[in-house]
Amino acid sequence: MPIVHISRRERFSASHRLSRPDWSPEKNFEVFGKCANPNGHGHNYDLWVTVKGTPDPETSFVIDLSALGNIIKDKVIQHVDHKNLDLDVPFMKGVYSSTENLAIAIWEQLEAPIKAEGGTLHCVKLQETENNLVEYYGGKD
């Protein structure tokens with residue numbers, strides 16, 4: 001049977017700050033630049049969630065895209081949209097809010113509910129800026 005990859009895009013806006021509390025303000029600025037602003041900074045993120053699987057013989061769906069959209073909104077978007085990732089997001093508590101770590105945390109929120117719908121999470125792609133994005137495949141090479 002063929003394996004098909006299907007993706008859903010969602011968007012959200014969020015703020016965060018890149019800094020290490022054990023470093024001086026000067027060192028944080030040297031490493032993180034303006035992203036170390038003491039009051040934080042924000043992004044308009046694009047999130048792509050890709051699910052893989054064999055199309056169902058009756059529906060031809062790998063996963064119902066409406067169900068996938070609802071999972072993403074329930075497990076991720078409602079928690080991050082117009083929030084401070086460092087202060088407001090339960091699944092980011094105690095996690096350094098780099099885009100890499102945010103993509104991993106989003107994967108952790110989505111993997112089980114997608115599996116419960118009969119899909120297999122393949123990739124979380126998170127675009128932070130026009131030029132920068134992260135792809136995470138669940139720790140697989």
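Counting every other Cβ atom within 10 Å of each residue's Cβ, LEU102, LEU68 order from fewest to most as LEU68, LEU102. Working from Cα pairs under 8 Å separated by at least six residues, relative contact order for the range 4-136 is 31 percent.
Write down the Å³ per residue value for the convex hull defined by the alpha carbon atoms of the chain.
Working: hull volume 16.6 nm³, N = 141.
Hull volume normalised by residue count: 118 Å³.
Simple spin-label model, 7 Å along Cα-to-Cβ: ILE3 to GLU130 in nm? Simple spin-label model gives 3.6 nm for this pair. Label zone (ARG20, point 7 Å along Cα-to-C-beta; backbone nitrogen cut-off 16 Å) within the range 70-95: 95. Residue order for GLU30, GLU108, GLU10, GLU58, fewest other beta carbons within 10 angstrom first, comes to GLU58, GLU30, GLU108, GLU10. Scalar couplings 3J(HN,Hα) for the range 123-128, obtained by applying the Karplus form with A = 6.51, B = -1.76, C = 1.60 to θ = phi - 60°, are 7, 10, 10, 10, 9, 8 Hz; x denotes Gly and Pro. Here HIS82, HIS16, HIS122 are placed in order of increasing Cβ neighbour count within 10 Å, fewest first, which gives HIS82, HIS122, HIS16. Under 5 Å from the amide H of PHE61 lie the amide H atoms of ASP56, each residue being 5 or more positions distant or on a separate chain, with H modelled from the backbone and absent for Pro and chain starts.
Taken together, the values in this text are just the output of simple stated rules run on the coordinates, not laboratory data. Computed from a predicted model, the values in this text were never measured in an experiment. Here Cβ is always computed from backbone atoms with ideal geometry, including for glycine, and neighbour counts include all displayed protein chains.
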